[in-house]
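Notes follow the structure.
The values are calculated or read from the model by the stated rules, or taken from the named source; none is laboratory data. Because the structure is predicted, anything quoted here is derived from the model rather than measured. Cβ placement follows ideal geometry from the backbone for every residue including glycine, while neighbour counts extend to all protein chains displayed.
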Amino acid sequence: MTQSQAIHIGMINSYNVLVNKADIQQIVISGIGVFSHSQDEQDAKISIEFMIKYFQDIEMYEKCAELQKYIEETFDEDGRFKIDLCSCEYPDIKVYKPNPKCSVCGLIIKRF
């Protein structure tokens, strides 16, 4: 695999995770668990904006539109997550899927 292909696969994998077309576990199990987006709240929006620029450059505009919608729904104007996050001392998770929720308070568990 070339470096260009690895970068593209990372972009596609991150895109699929963010727009709920696949989950991280499926991708990792497939053997091509490379991602381009950041899980860190400080860098998350910036990494997705970088992905949008990447997809614009290769004229994959549908992916750009879906990622832009994800940004609008997920982040405030300061780049912080809009959603209320679980603050339970001992969160309980019964279902693992994108944006898992705490079964104690029902709020989304913050990603590490």
Number of positions in segment 58-96 that are of a type in the set (Lys, Arg) and over 18 Å from Asp40 (Cα atoms)
3
Identify the residue in segment 67-100 that is in contact with a helix residue (DSSP H, G or I) (Cβ under 8 Å, 6 or more places away or on another chain) and part of a loop (DSSP other than H, G, I, E, B) and, among all such residues, is farthest from Ile48 (Cα to Cα).
Tyr96
Pick from segment 51-76, criterion among the hydrophobic types (A, V, I, L, M, F, W, C) and closer than 24 Å to Ser4 by Cβ, ranking: farthest from the chain's Cα centre (by Cα):
Ile58
Please verify whether segment 41-50 includes one or more residues that are modelled with pLDDT under 90, aromatic (Phe, Trp, Tyr) and over 11 Å from the mean Cα position of the chain (by Cα).
no
Can you name the residue in segment 62-91 that is surrounded by 12 or more Cβ atoms within 10 Å (Cβ to Cβ) and not hydrophobic (A, V, I, L, M, F, W, C) and is also farthest from Met11 (Cα to Cα) among such residues?
Pro91
If Met11 meets every condition in (1) crowded, with 18+ Cβ neighbours inside 10 Å; (2) free of Cβ contacts under 8 Å to residues at least 40 places away in the same chain apart from one, which number is that one?
(2)
I'd like to verify a number: residues in segment 21-44 that are assigned to a helix (DSSP H, G or I) and either of a type in the set (A, V, I, L, M) or over 27 Å from Tyr96 (Cα atoms) (or both), how many?
5
Can you tell me which residue among Ser47, Ser103 is polar (S, T, N, Q), assigned to a loop (DSSP other than H, G, I, E, B) and surrounded by 13 or more Cβ atoms within 10 Å (Cβ to Cβ)?
Ser103
If we ask which residues in segment 1-38 are more than 20 Å from Gln68 (Cβ to Cβ) and not small (Gly, Ala, Ser), their number turns out to be 15
Which condition from (1) free of Cβ contacts under 8 Å to residues at least 12 places away in the same chain; (2) surrounded by 13 or more Cβ atoms within 10 Å (Cβ to Cβ); (3) not hydrophobic (A, V, I, L, M, F, W, C) is the one that Asp23 breaks?
(1)
